[in-house]
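> Below: one structure in structure tokens.
The values are calculated or read from the model by the stated rules, or taken from the named source; none is laboratory data. This is a predicted model, so every value here is computed, not measured. So basically every Cβ, Gly included, is an ideal-geometry build from the backbone, and we count neighbours across all protein chains shown.
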Amino acid sequence: MHGSDEGRPWTFYAFAAFFGLFVLFLYGPMIVIYILSFQGPNGGMTFPLNGVSLHWFNALISQTRVGDIAGSFVRSIGLAALVAIVTVVLSVLAGLGFRRRFRGSAFAFYLAIASLIMPGLFVGLGIALAFRLLGLQTGWYTTGLGAQLTWTLPFGLLIMFAVLGRFNRSYEEAATDLGATNWQRFREVTLPMLLPGIIGVALFGFTLSYDELARTALTAGAQNTLPLEIWAMTTNVTSPTLYAVGAVTTIVSFIVIIAALTSIGAIQRRRARGKQAEQSHG
Amino acid sequence: MVSAIGAEAKGATGSGAVEVANVTKRFADTVAVRELSLTIPHGAYCCLLGPSGCGKTTILRMIAGHERPTTGDVRIGGRSVLGLPQVERGTAMMFQSYALFPHRSVLDNVAFALKMRGAGLSERHARARELLTKVQLESFADRLPAQLSGGQQQRVALARALITNPRVLLLDEPLSALDEYLRLRMRGELRRVQKELGITFIHVTHTQLEAIAVADMVVVMAQGRIEQAASARDIFVAPKSAYVARFVGGQNVLTGSVDSLMNGTAAVASPTGARFAFPVGEHRPARGARLYGAIRRDRIVVEKLAPGAKPAAGLNSVAGEVHTIENQGSYVKVTLDLADDEEFVAHMADDAYFANPLDIGDKVVARWSASDVKLLDDGLPKENPAPARGAAAAG
Amino acid sequence: MALLDQTADGAMGAAPPTAEQLADERSGERASWWQTAPLVIVLLLFFGLPMLVVLAVSFFDFSRTEIIPAFIFDNYVDLFRSQVTLRLYLSSLKFAAIVWLVTLVLGFNIAYFLVFHVRSLLWQIGLFLVCTVPFLTSNIIRMISWIPFLGRNGIFNQALEGAGITSQPLEFLLFSDFAVIVAYVHLFTLFMVVPIFNSMARIDKSLLEAARDAGAGRFRTVAEIVLPLSKTGIALGSIFVITLVMGDSFVVRTMSGGQSASVVSALQNEVAALQYPPAAASAVIMVIIVTLMVAGILRLVDVRKELAR
């Protein structure tokens, strides 16, 4: 319908410029931080750059003054991986369950939505209070994990809704027709076809956990997550070490994101390849 | 692992005769199929024909095992298949959208059923290649389904369904996803394959001409019931009811009330004043009873009235105005407006038409001979409905 | 797929389900139950129950060192009596309203651009990802990255002075309400973009062409067709943004330099001081108010058909 030669209305350029500004707005400040993290040893928190060095990156690993960055970093990644796995398993299962109508489905759905919208601090407060009243200690793998799941599970569920909504059931029927048992059908057809969506859920589970602050503030237990460390730093650190932390943590995020997106892209491309390669004869 | 293939060959022996015994299927608040009985002989090509919502796909899915009848039984080769797992049913289904697994190669798609039964890799790949050769796609074995055209995908779907040597192949509107040209070609392909394999094909469609073209036995359905099950020939030339006559096409439905009865022929007067003669055979309709008859559209002669001339009040003719004219290649479809609700169409041979072409709005008279009229069941006293049996394959 | 059956004797087809049908439905339902159970259990344990605990604690008494189970309304009474409460709510609501407006305008235009002006699907996905990726990185880092940008010696001021537009650094840029709003917009616009993008993508493009054929200009087309059909996305996005802003404490603390406060930041103070019951009461009130706002939005727009596939 649109010829590739058709000229674009002036509004296109207006919008494109607007979009460009928005992207700048999104990325600009982050880029500023990355640049500033290479601040020279005598430089301050803002421009101009007083020499270029890796001094502040070194400070991350060597100085204990800035808190336990390295430790919280490793712990956060571990927790995020765990959250990702749990989120995937629970969201995929629940997503499959929601394909049928069943009594209580509305309750489960609104429970998930409410968990999504509830301010994280309230959830954290509630968990901490509950454990305190029960006489239990908050802990990394109990309340910390649980609190983060209240944030990642609704996301995972919504993503599965979107993916399953587009999933044609006749593939599963064909598998049954060809003799597959329920388990075979799930392993050979359903799971592989949902894989891009599952990777998406894992991606969200990991990054949402890795960056989570509000819910974990009261529930992480004795040890800090990386975001909690960073938060502590914002109030008492006055050197570009903070920027170095920011740069490092964002690089990790980017690595995970790019890994997930390229694997999704690779899968989709393999399966959709050949739309142009259609043969002319039947 | 020879036993794996041997085990599935067991399904190939044994009759592919399908019997649907007094089946009713209810969904949440609707009845899709109502007390339907149907027998399809082994090796027949049977088409289930009807409009959307008539229940034909539901029947197909019940035979395939994807739905369970609410009441009634489904038997294949004399044995009930309700609740049986796929391996023991002896059926295979070809889906309307083909449902080829997009994440597996063509070869893996075709070999899938064997993999489910535990056959080894080299063995099932060899067998899959055999089948791909049969449908002339052996060079596409390693491609992904997305890289194939619609017609090629359909052949892969066919090969995939056939690898288990089913006794009955179920096709859910197999041709509706193809464009017109491919559709006509694939019709012949399906027919050829069926004859070669000698198994039962059950093919669901809403296209009348397609059903007549491929099937030995056509089952016309409406609202969950069978209207008529007969050979393709009989469905066309001897429809039992006005519904079948109208749906299959090729016939006009005439109706009127009985004036008099003599020698197996009833004189019938239509509401618009036309008079027809219906052969009624053994029936003895009462005076004033409503009768329905069918006249083939290609057995009608249409003549233009000279301007000002009044149509002769003859038997077996109607007068009206030309409403539409459609060139169909070897014949011309002329629709007449008769000032009633019934559609009246004449198929005129192209030579005859173009010798004296008509215009829209022309006043014409259409005539036919009484012997070409077939009495329809509507309005006649109902007999006890016997289970619809498939006619033997008529050529 | 199936028609209502009406036989000649007038019986309607909707007969009661047979035992077999019920058994089929039940087994499907049971399967769905155990599939959704793990997720529901986790959410009940770590969300449902804690919220009930908060509700309970809001009625407790407390001393300097501990909380005392009781059933008193003092916490609520104190809240309603206090002027601070009103001030905090006004402050939060003010932020919520402004941020909502700005993100709505931004989000709508960006979604519109992506859906209607970008032609290649690949570009659409690519640009969409470009917008989404920052969301998947650390929120705090993104927030504090504005500090060197907006500060007195920050980039923005330096650029302005360098270009000769101002002679003195603009003070209001940082540690002010302005900075808070900028940070909120930076963090939350995506939550507007995604639902609106979703809604817009479902609009049949031929509707726009039909409007154009009928003589509608670009603006009229948007007002008459695109806007109404995006209502669901706008409603969803609004719900997200409003609840996020109302529920925030970290952004307002950092970016206002302590000058402004929100309900939740005050609550965080109370928690830090171990004054749990008042904090709980504050949370309960907040939840009620936000729920009313969300319900109000849902009243205006029926969102269910878009969420329920």
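> Which residues, taken from the range B:102-118, are surrounded by fewer than 23 Cβ atoms within 10 Å (Cβ to Cβ) and hydrophobic (A, V, I, L, M, F, W, C)?
Selection gives B:L107, B:M116.
> Return only the number of the condition from (1) within 8 Å of another protein chain (Cβ to nearest Cβ); (2) touching a residue at least 24 places away in the same chain (Cβ under 8 Å) that A:T225 does not satisfy.
Of (1) within 8 Å of another protein chain (Cβ to nearest Cβ); (2) touching a residue at least 24 places away in the same chain (Cβ under 8 Å), only one is false for A:T225: (1).
> C:I141: in a helix (DSSP H, G or I), away from chain A (no Cβ under 12 Å) and within 26 Å of A:V245 (Cα to Cα), yes or no?
Judged against the criteria, C:I141 is not a match.
> Exactly one of (1) buried (at least 19 other Cβ atoms within 10 Å of the Cβ); (2) within 30 Å of C:F128 (Cβ to Cβ); (3) at pLDDT below 90; (4) within 10 Å of chain C (Cβ to nearest Cβ) is unmet by A:E6. Its number?
So the condition that A:E6 fails would be (1).
> Considering only the range B:177-200, I want to know if a residue exists there that is buried (at least 23 other Cβ atoms within 10 Å of the Cβ) and closer than 17 Å to A:A174 by Cα.
No, the range B:177-200 has no match at all.
> For the condition surrounded by 17 or more Cβ atoms within 10 Å (Cβ to Cβ), over 12 Å from A:A217 (Cα atoms) and facing another protein chain (nearest Cβ under 7 Å), what is the one hit in A:L96, A:L121, A:L116?
A:L96
> Among the candidates A:I69, A:I159, which residue alone is among the β-branched types (V, I, T), modelled with pLDDT under 90 and buried (at least 20 other Cβ atoms within 10 Å of the Cβ)?
Only one candidate passes the filter, namely A:I69.
> Can you name the residue in the range C:222-263 that is touching a Pro at 6+ places or on another chain (Cβ under 6 Å) and part of a helix (DSSP H, G or I) and is also nearest to the other protein chains (Cβ to nearest Cβ) among such residues?
C:L236
> Residues in the range C:60-82 that are among the charged types (D, E, K, R) and at pLDDT below 80: how many?
Going through the range C:60-82 one residue at a time, the tally reaches 2.
Residue-by-condition table, conditions (1) touching a residue at least 24 places away in the same chain (Cβ under 8 Å); (2) more than 7 Å from every other protein chain (Cβ to nearest Cβ); (3) among the small types (G, A, S):
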residue	(1), (2), (3)
A:G126	no, no, yes
A:G156	yes, yes, yes
A:L191	no, yes, no
A:G200	yes, yes, yes
A:D211	yes, no, no
A:A217	yes, yes, yes
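> Just one of (1) surrounded by fewer than 20 Cβ atoms within 10 Å (Cβ to Cβ); (2) at pLDDT 90 or above trips up B:V87, so point out which.
(2)
> Being of a type in the set (A, V, I, L, M, F, W, C) and within 29 Å of C:L49 (Cβ to Cβ) narrows it down to one residue among A:F167, A:F161; which is it?
A:F161
> In addition: So if I check each of A:A130, A:A180, which one is buried (at least 19 other Cβ atoms within 10 Å of the Cβ), in contact with a Pro (Cβ under 6 Å, 6 or more places away or on another chain) and within 8 Å of another protein chain (Cβ to nearest Cβ)?
A:A130
> Give the residues of the range B:235-263 that are under 16 Å from B:D377 (Cα atoms) and part of a loop (DSSP other than H, G, I, E, B), sorted by residue number.
Correct list: B:A238, B:P239, B:K240, B:S241.
> Another question, if that's okay. Step by step: first the residues of the range B:355-395, then only those that are out of contact with any Leu (no Cβ under 7 Å at 6 or more places or on another chain) and on the phi > 0 side of the Ramachandran plot, then the one that is modelled with the highest pLDDT. Which residue is that?
Out of the qualifying residues, it is B:G361.
> If you take the residues of the range B:14-67 that are of a type in the set (D, E) and outside any loop (DSSP other than H, G, I, E, B), which of them is farthest from B:E227 (Cα to Cα)?
Looking at residues that are of a type in the set (D, E) and outside any loop (DSSP other than H, G, I, E, B), I get B:E19.
> While we're on this one: Which residue, of A:L226, A:L218, is crowded, with 21+ Cβ neighbours inside 10 Å and within 30 Å of A:G43 (Cα to Cα)?
Sole residue among the options that is crowded, with 21+ Cβ neighbours inside 10 Å and within 30 Å of A:G43 (Cα to Cα): A:L226.
> If the requirement is being of a type in the set (D, E, K, R), closer than 24 Å to C:I297 by Cα and surrounded by fewer than 19 Cβ atoms within 10 Å (Cβ to Cβ), which of these qualifies: C:K231, C:K205?
C:K231
> Identify, by number, the condition in (1) part of a helix (DSSP H, G or I); (2) over 30 Å from C:V284 (Cα atoms) that C:R119 doesn't meet.
(1)
> Moving to a separate point now. Within the range B:153-194, restricting attention to residues that are of a type in the set (V, I, T) and part of a helix (DSSP H, G or I), which residue is modelled with the highest pLDDT?
My answer is B:V156.
> Before we move on, is C:L160 closer than 30 Å to C:V252 by Cα, touching a residue at least 12 places away in the same chain (Cβ under 8 Å) and not in a loop (DSSP other than H, G, I, E, B)?
The answer is no for C:L160.
> Okay, next question. Report, by residue number, each residue of the range B:77-90 that is touching a residue at least 60 places away in the same chain (Cβ under 8 Å) and within 8 Å of chain A (Cβ to nearest Cβ).
Matches in the range B:77-90: B:V87 only.
> In the range B:34-75, which residues are within 26 Å of A:G179 (Cα to Cα), within 13 Å of chain C (Cβ to nearest Cβ), under 17 Å from the mean Cα position of the chain (by Cα) and of a type outside the set (K, R)?
Once the filter is applied, which keeps residues that are within 26 Å of A:G179 (Cα to Cα), within 13 Å of chain C (Cβ to nearest Cβ), under 17 Å from the mean Cα position of the chain (by Cα) and of a type outside the set (K, R), the range B:34-75 yields B:G55, B:T57, B:T58, B:I59, B:L60.
> Among the residues of the range A:230-249, write down those that are assigned to a helix (DSSP H, G or I), crowded, with 22+ Cβ neighbours inside 10 Å and not aliphatic (A, V, I, L, M).
Within the range A:230-249, A:T241, A:Y243, A:G246, A:T249 qualify.
> Continuing with this model, one more query. Identify all residues within the range C:192-207 that are more than 11 Å from chain A (Cβ to nearest Cβ) and either farther than 16 Å from C:L106 by Cα or not aliphatic (A, V, I, L, M) (or both); write none if there are none.
C:F197, C:S199, C:A201, C:R202, C:I203, C:D204, C:L207
> All but one of (1) assigned to a helix (DSSP H, G or I); (2) in contact with a helix residue (DSSP H, G or I) (Cβ under 8 Å, 6 or more places away or on another chain); (3) under 30 Å from C:L136 (Cβ atoms) hold for A:F186, so report the exception by its number.
Against the list (1) assigned to a helix (DSSP H, G or I); (2) in contact with a helix residue (DSSP H, G or I) (Cβ under 8 Å, 6 or more places away or on another chain); (3) under 30 Å from C:L136 (Cβ atoms), A:F186 comes up short only on (2).
> Right, next: Restricting the search to the range B:184-193, which residues are more than 13 Å from B:Q153 (Cα to Cα) and of a type outside the set (D, E)?
B:L184, B:R185, B:R187, B:G188, B:L190, B:R191, B:R192, B:V193
> For the range B:269-276, check the following and say yes or no: at least one residue is of a type in the set (D, E, K, R) and in contact (Cβ under 8 Å) with a residue 24 or more places away in the chain.
Scanning the range B:269-276 turns up at least one residue that is of a type in the set (D, E, K, R) and in contact (Cβ under 8 Å) with a residue 24 or more places away in the chain.
Listed here are the residues, each with its yes/no results for (1) in contact with a helix residue (DSSP H, G or I) (Cβ under 6 Å, 6 or more places away or on another chain); (2) surrounded by 16 or more Cβ atoms within 10 Å (Cβ to Cβ); (3) away from every other protein chain (no Cβ under 11 Å); (4) of a type outside the set (S, T, Y).
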site: C:V99; (1), (2), (3), (4): yes, yes, yes, yes
site: C:V105; (1), (2), (3), (4): no, no, no, yes
site: C:I110; (1), (2), (3), (4): yes, yes, no, yes
site: C:L114; (1), (2), (3), (4): yes, yes, no, yes
site: C:G126; (1), (2), (3), (4): no, no, no, yes
